[in-house]
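Trainee: Following this message is one structure expressed as C-alpha coordinates.
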Amino acid sequence: MARRVDPAILPLAGALDQRVTAGLLYTKLTGNRVKCTACAHRCTILPGLDGICRVRSNRSGELVVPRGYVGSLQVDPIEKKPFFHVLPGAEALSFGMLGCDLHCAYCQNWMTSQVMRDPSARSAPRDIEPEELVSLALQRETPVMVSTYNEPLITAEWAVEVFAKAKAAGIVCGFVSNGNATPEVLEFIQPYVSLYKIDLKGFKDARYRELGGKLHSVVETIKRVHAMGFWLEVVTLLIPGINDDPAEIRDLTQFLVSVSPDIPWHVTAFHGDYQMSTTRDTLAFDLIRAAAIGRDSGLRYVYAGNLPGEVGGLEDTRCPSCGATVIARRGYRVARRAQDDEGRCLACRTPIAGYWKA
(Lines give C-alpha, C1' and ligand atoms only; values in the text may rest on other atoms or scores of the structure.)
Protein backbone atom coordinates (compact mmCIF):
# COMPACT_ATOMS: atom_id res chain seq x y z
CA MET A 1 0.00 0.00 0.00
CA ALA A 2 1.22 3.52 -0.72
CA ARG A 3 0.06 7.11 -0.80
CA ARG A 4 0.72 9.98 -3.19
CA VAL A 5 1.60 13.37 -1.74
CA ASP A 6 -1.21 15.94 -1.47
CA PRO A 7 -0.38 18.73 -3.99
CA ALA A 8 -0.97 21.35 -1.28
CA ILE A 9 1.90 19.86 0.72
CA LEU A 10 4.35 19.56 -2.17
CA PRO A 11 6.62 22.42 -0.97
CA LEU A 12 7.12 20.75 2.41
CA ALA A 13 7.46 17.35 0.79
CA GLY A 14 10.16 18.78 -1.43
CA ALA A 15 12.03 20.15 1.57
CA LEU A 16 11.85 16.80 3.35
CA ASP A 17 13.02 15.00 0.22
CA GLN A 18 16.34 16.79 0.70
CA ARG A 19 16.66 15.47 4.24
CA VAL A 20 16.75 11.70 3.81
CA THR A 21 19.09 8.76 4.04
CA ALA A 22 19.02 5.10 3.07
CA GLY A 23 16.51 3.15 5.11
CA LEU A 24 17.38 -0.01 7.02
CA LEU A 25 13.96 -1.33 7.98
CA TYR A 26 12.66 -2.85 4.76
CA THR A 27 12.94 -5.74 2.34
CA LYS A 28 13.22 -5.59 -1.43
CA LEU A 29 10.48 -7.04 -3.62
CA THR A 30 10.19 -7.71 -7.33
CA GLY A 31 9.56 -4.86 -9.72
CA ASN A 32 11.59 -2.38 -7.65
CA ARG A 33 8.95 -2.49 -4.93
CA VAL A 34 9.91 -2.40 -1.24
CA LYS A 35 8.16 -3.56 1.93
CA CYS A 36 8.73 -1.27 4.90
CA THR A 37 8.95 -2.90 8.34
CA ALA A 38 9.14 0.21 10.55
CA CYS A 39 5.51 -0.04 11.63
CA ALA A 40 2.73 -2.61 11.59
CA HIS A 41 1.26 -1.30 8.34
CA ARG A 42 4.14 -3.02 6.55
CA CYS A 43 3.52 -0.86 3.48
CA THR A 44 4.43 -2.23 0.08
CA ILE A 45 5.70 0.88 -1.70
CA LEU A 46 6.03 1.26 -5.44
CA PRO A 47 8.84 3.30 -7.02
CA GLY A 48 8.21 7.03 -6.72
CA LEU A 49 5.62 6.66 -3.96
CA ASP A 50 5.62 6.80 -0.19
CA GLY A 51 4.03 4.81 2.61
CA ILE A 52 1.03 5.58 4.79
CA CYS A 53 3.27 7.68 7.04
CA ARG A 54 4.14 9.89 4.01
CA VAL A 55 7.80 10.16 5.03
CA ARG A 56 9.27 6.80 4.01
CA SER A 57 9.49 6.52 0.22
CA ASN A 58 10.74 4.34 -2.60
CA ARG A 59 13.44 5.78 -4.84
CA SER A 60 14.21 3.43 -7.69
CA GLY A 61 13.80 0.32 -5.57
CA GLU A 62 15.52 1.68 -2.44
CA LEU A 63 13.75 2.90 0.70
CA VAL A 64 14.75 6.38 1.84
CA VAL A 65 13.85 7.71 5.29
CA PRO A 66 14.03 11.00 7.23
CA ARG A 67 17.36 12.23 8.55
CA GLY A 68 19.13 15.34 9.80
CA TYR A 69 16.35 17.54 11.16
CA VAL A 70 13.85 18.03 13.94
CA GLY A 71 10.29 19.30 13.70
CA SER A 72 10.13 20.08 17.41
CA LEU A 73 12.77 20.32 20.13
CA GLN A 74 12.55 21.28 23.78
CA VAL A 75 13.41 20.28 27.33
CA ASP A 76 10.49 18.81 29.29
CA PRO A 77 10.03 17.31 32.74
CA ILE A 78 10.20 13.56 32.33
CA GLU A 79 6.81 13.40 34.07
CA LYS A 80 5.31 15.13 31.01
CA LYS A 81 6.12 12.20 28.69
CA PRO A 82 4.65 10.76 30.98
CA PHE A 83 7.23 8.55 32.70
CA PHE A 84 6.42 8.45 36.41
CA HIS A 85 8.73 5.55 37.25
CA VAL A 86 11.87 6.92 35.59
CA LEU A 87 14.32 9.26 37.37
CA PRO A 88 11.64 11.37 39.12
CA GLY A 89 12.10 15.11 38.75
CA ALA A 90 14.59 14.76 35.88
CA GLU A 91 14.41 16.72 32.64
CA ALA A 92 14.35 15.09 29.21
CA LEU A 93 15.60 16.55 25.96
CA SER A 94 12.61 15.86 23.71
CA PHE A 95 12.77 15.91 19.94
CA GLY A 96 10.60 14.78 17.07
CA MET A 97 10.45 14.82 13.31
CA LEU A 98 7.37 15.12 11.07
CA GLY A 99 4.70 12.61 10.13
CA CYS A 100 2.68 9.76 11.62
CA ASP A 101 1.30 6.39 10.59
CA LEU A 102 -2.09 7.12 12.21
CA HIS A 103 -4.53 10.01 11.72
CA CYS A 104 -6.26 10.63 15.06
CA ALA A 105 -8.89 13.36 14.90
CA TYR A 106 -8.00 14.42 18.45
CA CYS A 107 -4.22 14.43 18.02
CA GLN A 108 -2.60 16.87 20.45
CA ASN A 109 0.60 17.05 18.40
CA TRP A 110 -1.14 17.41 15.04
CA MET A 111 1.01 20.37 13.95
CA THR A 112 3.93 17.96 13.60
CA SER A 113 2.30 14.54 13.24
CA GLN A 114 -0.29 15.44 10.59
CA VAL A 115 1.76 17.96 8.63
CA MET A 116 2.08 15.61 5.64
CA ARG A 117 -1.69 15.15 5.44
CA ASP A 118 -3.15 18.48 6.54
CA PRO A 119 -2.05 21.75 4.86
CA SER A 120 -3.24 23.70 7.92
CA ALA A 121 -0.51 22.07 10.02
CA ARG A 122 2.48 24.37 9.62
CA SER A 123 5.67 22.86 10.91
CA ALA A 124 9.00 23.05 9.16
CA PRO A 125 12.21 21.05 9.51
CA ARG A 126 15.13 22.50 11.46
CA ASP A 127 18.46 21.07 10.35
CA ILE A 128 20.50 19.46 13.10
CA GLU A 129 23.03 16.66 13.51
CA PRO A 130 23.08 13.95 16.20
CA GLU A 131 26.19 15.44 17.79
CA GLU A 132 24.36 18.74 18.26
CA LEU A 133 21.42 17.06 19.98
CA VAL A 134 23.71 15.17 22.34
CA SER A 135 25.68 18.35 23.02
CA LEU A 136 22.44 20.16 23.94
CA ALA A 137 21.50 17.37 26.34
CA LEU A 138 24.90 17.51 28.00
CA GLN A 139 24.80 21.31 28.24
CA ARG A 140 21.37 21.19 29.86
CA GLU A 141 22.42 18.22 32.02
CA THR A 142 19.37 16.24 30.96
CA PRO A 143 19.95 12.56 31.79
CA VAL A 144 17.26 11.45 29.33
CA MET A 145 16.59 11.96 25.62
CA VAL A 146 13.21 11.07 24.14
CA SER A 147 11.93 10.78 20.58
CA THR A 148 8.38 12.15 20.68
CA TYR A 149 5.93 14.73 19.20
CA ASN A 150 5.46 12.64 16.07
CA GLU A 151 5.55 8.85 15.74
CA PRO A 152 9.16 7.77 16.36
CA LEU A 153 8.72 4.33 14.77
CA ILE A 154 8.56 5.86 11.30
CA THR A 155 11.82 7.73 11.92
CA ALA A 156 13.54 4.91 13.81
CA GLU A 157 16.76 5.06 11.78
CA TRP A 158 17.24 8.72 12.80
CA ALA A 159 16.45 7.95 16.43
CA VAL A 160 19.03 5.16 16.50
CA GLU A 161 21.65 7.40 14.90
CA VAL A 162 21.03 9.99 17.62
CA PHE A 163 20.65 7.53 20.48
CA ALA A 164 23.82 5.61 19.66
CA LYS A 165 25.79 8.78 20.41
CA ALA A 166 23.59 9.69 23.36
CA LYS A 167 23.99 6.29 25.00
CA ALA A 168 27.76 6.49 24.54
CA ALA A 169 27.58 9.79 26.48
CA GLY A 170 25.70 8.12 29.35
CA ILE A 171 22.24 9.41 28.43
CA VAL A 172 19.15 7.21 28.86
CA CYS A 173 16.98 7.11 25.72
CA GLY A 174 13.27 6.52 25.20
CA PHE A 175 10.40 6.35 22.70
CA VAL A 176 6.98 7.97 23.15
CA SER A 177 4.95 5.98 20.66
CA ASN A 178 1.53 4.84 19.50
CA GLY A 179 2.76 1.26 19.74
CA ASN A 180 2.03 0.30 16.13
CA ALA A 181 5.34 -1.52 15.96
CA THR A 182 6.85 -4.63 14.37
CA PRO A 183 9.26 -7.15 15.88
CA GLU A 184 11.86 -5.92 13.39
CA VAL A 185 11.77 -2.28 14.54
CA LEU A 186 11.81 -3.22 18.23
CA GLU A 187 14.87 -5.40 17.73
CA PHE A 188 16.47 -2.57 15.76
CA ILE A 189 16.04 0.04 18.50
CA GLN A 190 16.53 -2.20 21.55
CA PRO A 191 20.31 -1.74 21.88
CA TYR A 192 19.81 2.01 22.26
CA VAL A 193 16.33 2.52 23.76
CA SER A 194 15.65 1.76 27.43
CA LEU A 195 12.28 3.47 27.95
CA TYR A 196 9.08 2.99 25.98
CA LYS A 197 5.76 4.76 26.51
CA ILE A 198 2.79 3.47 24.52
CA ASP A 199 -0.55 5.15 23.88
CA LEU A 200 -3.24 2.51 24.23
CA LYS A 201 -6.09 4.53 22.72
CA GLY A 202 -8.90 2.21 23.74
CA PHE A 203 -9.76 -1.46 23.57
CA LYS A 204 -12.09 -1.74 20.58
CA ASP A 205 -10.70 -2.65 17.20
CA ALA A 206 -13.39 -0.69 15.33
CA ARG A 207 -12.20 2.54 16.96
CA TYR A 208 -8.59 1.76 16.16
CA ARG A 209 -9.45 1.23 12.51
CA GLU A 210 -11.02 4.70 12.43
CA LEU A 211 -7.60 6.03 13.47
CA GLY A 212 -5.85 4.05 10.76
CA GLY A 213 -4.56 1.17 12.90
CA LYS A 214 -5.50 -2.15 14.48
CA LEU A 215 -5.90 -2.92 18.17
CA HIS A 216 -4.16 -6.27 17.72
CA SER A 217 -0.95 -4.60 16.56
CA VAL A 218 -0.73 -2.42 19.66
CA VAL A 219 -1.65 -5.26 22.00
CA GLU A 220 1.13 -7.39 20.53
CA THR A 221 3.59 -4.48 20.83
CA ILE A 222 2.80 -4.03 24.52
CA LYS A 223 3.41 -7.73 25.14
CA ARG A 224 6.64 -7.71 23.15
CA VAL A 225 8.02 -4.45 24.61
CA HIS A 226 7.54 -5.80 28.12
CA ALA A 227 9.00 -9.21 27.26
CA MET A 228 12.07 -7.59 25.65
CA GLY A 229 12.91 -5.70 28.84
CA PHE A 230 12.17 -2.09 27.88
CA TRP A 231 10.82 -0.05 30.80
CA LEU A 232 7.18 0.32 29.74
CA GLU A 233 4.48 2.78 30.77
CA VAL A 234 1.06 2.96 29.11
CA VAL A 235 -1.21 5.98 28.61
CA THR A 236 -4.89 6.13 27.70
CA LEU A 237 -6.36 9.51 26.77
CA LEU A 238 -9.90 9.22 28.14
CA ILE A 239 -12.39 10.75 25.71
CA PRO A 240 -16.04 11.07 26.75
CA GLY A 241 -18.31 8.99 24.54
CA ILE A 242 -15.38 7.42 22.70
CA ASN A 243 -13.43 5.13 25.02
CA ASP A 244 -14.79 5.81 28.52
CA ASP A 245 -17.25 2.91 28.77
CA PRO A 246 -16.53 1.07 32.06
CA ALA A 247 -16.64 -2.33 30.36
CA GLU A 248 -14.03 -1.24 27.81
CA ILE A 249 -11.81 0.21 30.52
CA ARG A 250 -12.11 -3.03 32.45
CA ASP A 251 -11.08 -5.07 29.42
CA LEU A 252 -8.16 -2.73 28.76
CA THR A 253 -6.82 -2.78 32.30
CA GLN A 254 -7.29 -6.53 32.71
CA PHE A 255 -5.21 -6.97 29.58
CA LEU A 256 -2.43 -4.83 31.07
CA VAL A 257 -2.55 -6.88 34.28
CA SER A 258 -2.19 -10.05 32.21
CA VAL A 259 1.09 -8.64 30.86
CA SER A 260 2.25 -7.30 34.24
CA PRO A 261 0.43 -5.64 37.16
CA ASP A 262 3.56 -3.47 37.56
CA ILE A 263 2.98 -1.56 34.29
CA PRO A 264 2.15 2.03 35.26
CA TRP A 265 -1.13 3.07 33.61
CA HIS A 266 -1.83 6.76 33.09
CA VAL A 267 -5.42 7.70 32.32
CA THR A 268 -5.35 11.30 31.14
CA ALA A 269 -7.89 14.03 30.46
CA PHE A 270 -8.96 14.95 26.95
CA HIS A 271 -9.30 18.59 25.96
CA GLY A 272 -10.96 19.49 22.67
CA ASP A 273 -8.34 19.83 19.96
CA TYR A 274 -7.72 19.50 16.23
CA GLN A 275 -10.83 17.96 14.60
CA MET A 276 -12.62 17.18 17.87
CA SER A 277 -13.13 20.61 19.38
CA THR A 278 -16.82 20.08 20.22
CA THR A 279 -16.44 16.92 22.33
CA ARG A 280 -16.73 17.76 26.03
CA ASP A 281 -13.57 17.81 28.09
CA THR A 282 -12.82 14.94 30.45
CA LEU A 283 -13.74 15.73 34.05
CA ALA A 284 -11.91 14.73 37.20
CA PHE A 285 -14.81 12.39 38.00
CA ASP A 286 -14.23 10.53 34.72
CA LEU A 287 -10.57 9.99 35.52
CA ILE A 288 -11.20 8.91 39.09
CA ARG A 289 -13.79 6.36 37.95
CA ALA A 290 -11.48 4.94 35.28
CA ALA A 291 -8.58 4.78 37.75
CA ALA A 292 -10.74 2.86 40.22
CA ILE A 293 -11.48 0.29 37.53
CA GLY A 294 -7.77 -0.05 36.82
CA ARG A 295 -7.00 -0.63 40.48
CA ASP A 296 -9.84 -3.14 40.79
CA SER A 297 -8.41 -5.00 37.81
CA GLY A 298 -5.17 -5.42 39.73
CA LEU A 299 -2.88 -2.70 38.41
CA ARG A 300 -0.50 -1.57 41.17
CA TYR A 301 0.37 1.86 39.75
CA VAL A 302 -2.53 3.90 38.34
CA TYR A 303 -2.35 7.63 37.63
CA ALA A 304 -4.76 10.35 36.54
CA GLY A 305 -3.24 13.14 34.47
CA ASN A 306 -3.83 16.55 32.86
CA LEU A 307 -5.94 17.84 35.77
CA PRO A 308 -3.34 18.72 38.43
CA GLY A 309 -4.68 19.08 41.93
CA GLU A 310 -8.15 17.78 41.00
CA VAL A 311 -7.72 14.01 41.28
CA GLY A 312 -6.78 13.45 44.90
CA GLY A 313 -3.79 11.20 45.31
CA LEU A 314 -3.87 9.86 41.75
CA GLU A 315 -0.82 11.91 40.82
CA ASP A 316 1.27 10.19 43.49
CA THR A 317 3.16 6.90 43.48
CA ARG A 318 2.17 4.72 46.41
CA CYS A 319 3.82 1.60 47.74
CA PRO A 320 1.70 -1.43 46.76
CA SER A 321 2.62 -3.14 50.04
CA CYS A 322 2.14 -0.56 52.80
CA GLY A 323 0.33 2.23 50.93
CA ALA A 324 2.88 4.92 51.84
CA THR A 325 3.35 7.78 49.40
CA VAL A 326 6.68 7.11 47.72
CA ILE A 327 6.60 10.02 45.25
CA ALA A 328 4.30 12.99 45.79
CA ARG A 329 3.48 15.06 42.70
CA ARG A 330 1.40 17.95 41.51
CA GLY A 331 1.24 18.07 37.76
CA TYR A 332 4.75 17.58 36.42
CA ARG A 333 6.43 18.68 39.66
CA VAL A 334 7.81 16.18 42.16
CA ALA A 335 7.09 17.57 45.64
CA ARG A 336 8.56 14.77 47.75
CA ARG A 337 10.27 11.44 47.27
CA ALA A 338 10.54 8.66 49.88
CA GLN A 339 12.70 6.06 48.13
CA ASP A 340 16.20 4.78 48.73
CA ASP A 341 18.83 4.61 45.99
CA GLU A 342 17.48 1.25 44.82
CA GLY A 343 13.95 2.61 44.40
CA ARG A 344 12.57 0.89 47.49
CA CYS A 345 9.86 2.33 49.74
CA LEU A 346 11.48 3.95 52.75
CA ALA A 347 8.63 2.86 55.00
CA CYS A 348 8.73 -0.89 54.33
CA ARG A 349 11.62 -1.45 51.88
CA THR A 350 9.34 -2.91 49.19
CA PRO A 351 10.92 -2.50 45.74
CA ILE A 352 8.91 -0.14 43.53
CA ALA A 353 8.99 -1.20 39.88
CA GLY A 354 10.78 1.38 37.75
CA TYR A 355 13.95 2.75 36.17
CA TRP A 356 15.46 4.64 39.05
CA LYS A 357 19.16 5.01 38.17
CA ALA A 358 20.73 6.90 35.28
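The values are calculated or read from the model by the stated rules, or taken from the named source; none is laboratory data. Everything quoted here is computed from the prediction, not taken from an experiment. As a convention, Cβ positions derive from the backbone with ideal geometry for all residues, glycine included, and neighbour counts pool all protein chains shown. The accessibility values were calculated without ligands, DNA or RNA, using every heavy atom of the protein model including side chains. Shrake-Rupley method; radii C 1.70, N 1.55, O 1.52, S 1.80 Å.
Trainee: Can you pull the percent of the chain's accessible area that's carbon plus sulfur, 1.4 Å probe, other chains left in place? Working shown, then result.
Mentor: Numbers: 7160 of 14490 Å².
Carbon and sulfur together cover 49 percent of it.
Trainee: Taking only the alpha-carbon positions of the chain and ignoring solvent, what does the Debye formula give for the base-10 log of I(q)/I(0) at q = 0.07, 0.14, 0.15 Å⁻¹?
Mentor: Relative scattering, expressed as log10 I(q)/I(0), comes to -0.29, -1.18, -1.35.
Trainee: Please report the spacing between the Cα centers of region 126-198 and region 77-91 in Å, no decimals.
Mentor: 16 Å
Trainee: Can I ask one more? Could you sort 110, 356 by accessible area so the largest value comes first, with the probe set to 1.4 Å?
Mentor: 110, 356
Trainee: How large is the accessible surface of residue 171 in square angstrom, using a 1.4 angstrom probe and rounding to the nearest 10?
Mentor: Answer for residue 171: close to 10 Å² accessible.
Trainee: Further question: Test of understanding: in a Gaussian network model of the chain with alpha carbons linked when under 10 Å, which of 285, 163, 203 would top the mean-square fluctuation ranking?
Mentor: 285
Trainee: If you don't mind, there's one more thing I want to ask. Leaving ligands, DNA and RNA out of it, work out the accessible area of residue 104 with a 1.4 Å probe and give it in Å² to the nearest 10.
Mentor: My reading of the accessible area for residue 104 is about 10 Å².
Trainee: In whole angstrom, note down how far apart the Cα centers of region 106-125 and region 260-302 are.
Mentor: Taking the Cα centre of each part, region 106-125 and region 260-302 sit 25 Å apart.
Trainee: Restricting the count to DSSP beta bridges whose residues both fall in region 261-343, what percent are antiparallel, rounded to a multiple of 5?
Mentor: Within region 261-343, antiparallel bridges account for around 65 percent of the total.
Trainee: Same structure again: Indicate the gyration tensor shape class of region 114-227 (rounded, prolate or oblate), computed on the Cα atoms with a ≥ b ≥ c the square roots of the eigenvalues: a/c under 1.5 is rounded; otherwise a/b larger than b/c is prolate and the rest oblate. Before the final figure, lay out the partial values.
Mentor: Working: a/c = 2.48, a/b = 1.40, b/c = 1.77.
In terms of gyration-tensor shape, oblate.
Trainee: Here is a follow-up. Mind checking the angle between helix 284-297 and the chain's longest principal axis? C-alpha axes, 0 to 90 degrees, to the nearest 10.
Mentor: Helix 284-297 and the main axis of the chain meet at about 80 degrees.
Trainee: Under a crude label model (7 Å from the Cα following the beta-carbon direction), how far is residue 62 from residue 247 in nanometres?
Mentor: It is 5.4 nm.
Trainee: Using a Gaussian network model of the chain with C-alpha springs under 10 Å, which one of 343, 305, 212 is most mobile by mean-square fluctuation?
Mentor: Between 343, 305, 212, it is 212 that shows the largest mean-square fluctuation.
Trainee: Okay, helix-only estimate at 222 nm for the chain: each DSSP H run of n ≥ 4 adds -39500 (n - 2.57), divide by all residues, round to 500 deg cm²/dmol; what do you get?
Mentor: -7500 deg cm²/dmol
Trainee: If you roll a 1.4 Å probe over the heavy atoms of the protein chains, what accessible area per residue do you get for the chain, in Å²?
Mentor: Ligands and nucleic acids excluded, the result is 40 Å² per residue.
Trainee: How tilted is helix 156-168 with respect to the longest principal axis of the chain? Cα atoms for both, answer in degrees (0 to 90, nearest 10).
Mentor: 60 degrees
Trainee: Can I ask one more? If the chain between residue 140 and residue 336 were fully stretched, how many nm would it gain, using 0.36 nm times the residue separation less the Cα-Cα distance?
Mentor: 68.3 nm
Trainee: Moving on to the next point. DSSP beta bridges in the chain, what fraction antiparallel, as a percent rounded to 5?
Mentor: 55 percent
Trainee: Continuing with the same structure: Highest mean first, how do 111-119, 24-32, 347-355 rank when packing is the count of other Cβ atoms within 10 Å averaged over residues?
Mentor: The packing order, highest mean first, is 111-119, 347-355, 24-32.
Trainee: Roughly how tilted is helix 215-228, in degrees to the nearest 10 and between 0 and 90, from the longest Cα axis of the chain?
Mentor: 70 degrees
Trainee: So what is the relative contact order of the chain, in percent, for Cα pairs below 8 Å that sit 6 or more residues apart?
Mentor: Relative contact order of the chain: 13 percent.
Trainee: Let me ask something else about it. Evaluate E = 1/(1 + (r/R0)^6) for residue 321 and residue 273, where r is the Cβ-Cβ distance and R0 equals 56 Å; express this FRET efficiency to the nearest 0.05.
Mentor: 0.90
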